[in-house]
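In what follows, a single structure is set out as structure tokens and then discussed.
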Amino acid sequence: MSTPAYPTRRLRAHHGSLHDITYFTPGPLSLIQDLGRHGHQHIGVSPGGPMDEHAFLWANRLLDNPLNAPQIEITMGQFSCQFQADTTIALTGADMSATVNGQPVAVWQSLHIRAGDQLSLSGARRGIRTYLAVKDGFRVTGILNSCATVMRDGLGGADRRGGKLAAQDLLEYKVTSPIPTRQVPQQFIPEYGQDISLNVIPGYQYDRFDKAERERFFSAEYTVTPQMDRMGYRLSGTAIHCQTTSLVSEGIALGAIQIPADGQPIILMRDRQTIGGYPKIGCVTARDLSTLAQCQPGAKVRFIEKDLYQAEAERVIEHHFFQGYVGKKHAEQILNQLTGPAE
């Protein structure tokens, strides 16, 4: 397959054993993401990071990458690229009928890639985001300790200015030897549906909603509207009203559920604003935000009240699951470098 005639924009020069991946078709929205730009909300900087953290973490785990290794978050598909050197990749998230050189390949597993191979993704019937990771991560220069792309803030990404990937972009990755093919165990692969339940931790102004309003909120069914992006998801359904209609602006957590004047919930996502003055009935758990992030407009949503301490315990277990696995692998690598592999 011939190389496109349009000019390329080199993001970093070659050096050592680094090579490029050339973007032919980045699709509607393809972004460089790591786990986010944390510790800067006090100056108005959104954390960003992967919308579907579960899929992101598994992509790096399949490759024994550091958990924060940069990946490409591909939204709505219609993506293709060509690799210029050998590596191993992993695809997780929505099944977008991926092919390598025209041959179908599965998601939620690692794949050996040879120089010249072309990866193509079309669209997905279920889910809207796929994650593409390479062995050792894409080489992207960060800003404020992260390369996460937040377009609204103009930070991160391949150009460091919050730009989405463009057809002329080149990204570097390290040439690596093949590693054994790995698959995510079936029990960890989500089924992306259009009828979901989200766990909500009561908080913020929860007690300022009358008991009848809270009961209505947790018994109603809402619909995901087309007004959904990396900043927030607007829902439509039974209106909920708070005794307090205006507040002094305060910091906003990931997953916060705002209730504006029209009573229709807004769930704040990765690129959310850092402060806001709408009443907030609670927060969707981090795990369930990954499920919501794969919903298409028209999805039906119900809320379930979740105990804070139970949610916290589940989050700790999830972190240990990923950190322990990757940490062990990297500890073994360091030990082998110092002492040589065990006999």
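Restricting to region 145-191, give me the number of residues that are without any contact (Cβ under 8 Å) to a residue 40 or more places away in the chain and touching an Asp or Glu at 6+ places or on another chain (Cβ under 7 Å). The number of residues fulfilling the criteria is 1. Taking region 144-246 as the region of interest, the strands (runs of 3 or more DSSP E) fully inside it that hold 1 or more residues being surrounded by 19 or more Cβ atoms within 10 Å (Cβ to Cβ) and either at positive phi or in contact with a helix residue (DSSP H, G or I) (Cβ under 9 Å, 6 or more places away or on another chain) (or both) are 195-202, 222-228, 232-236.
Only residues that are assigned to a loop (DSSP other than H, G, I, E, B), of a type in the set (Gly, Ala, Ser) and closer than 18 Å to Gly77 by Cα: list them for region 123-143, please. Quick ask: steps written out before the conclusion?
The first filter runs over region 123-143 and keeps only residues assigned to a loop (DSSP other than H, G, I, E, B), leaving 123-128, 135-138, 140-143.
Of the ones still in play, those that are also of a type in the set (Gly, Ala, Ser) are 123-124, 127, 137, 142.
Across region 123-143, the qualifying residues are Gly123, Ala124, Gly127.
Of all residues in region 84-122 being open to solvent by less than 30 Å² (accessible area, probe 1.4 Å) and part of a loop (DSSP other than H, G, I, E, B), which is modelled with the lowest pLDDT? Looking at the filtered set, the residue picked out is Ala85. Considering (1) part of a strand (DSSP E or B); (2) over 30 Å from Cys147 (Cβ atoms); (3) of a type outside the set (A, V, I, L, M), the lone condition that Gly263 does not fulfil carries the number (1). Could you please find all residues in region 17-72 being in a strand (DSSP E or B) and either among the polar types (S, T, N, Q) or farther than 22 Å from Asp229 by Cα (or both)? Listed by number, the residues that qualify are Leu18, His19, Asp20, Ile21, Thr22, Tyr23, Phe24, Thr25, Ser30, Gln33, Gln71.
The values are calculated or read from the model by the stated rules, or taken from the named source; none is laboratory data. Just so you know, these numbers come straight off a predicted model, no measurement behind them. With ideal geometry, Cβ positions are generated from the backbone for all residues, glycine too; neighbour counts draw on all protein chains shown. In case anyone asks, the SASA skips ligands and DNA or RNA and just uses the protein heavy atoms, side chains included. Shrake-Rupley method; radii C 1.70, N 1.55, O 1.52, S 1.80 Å.
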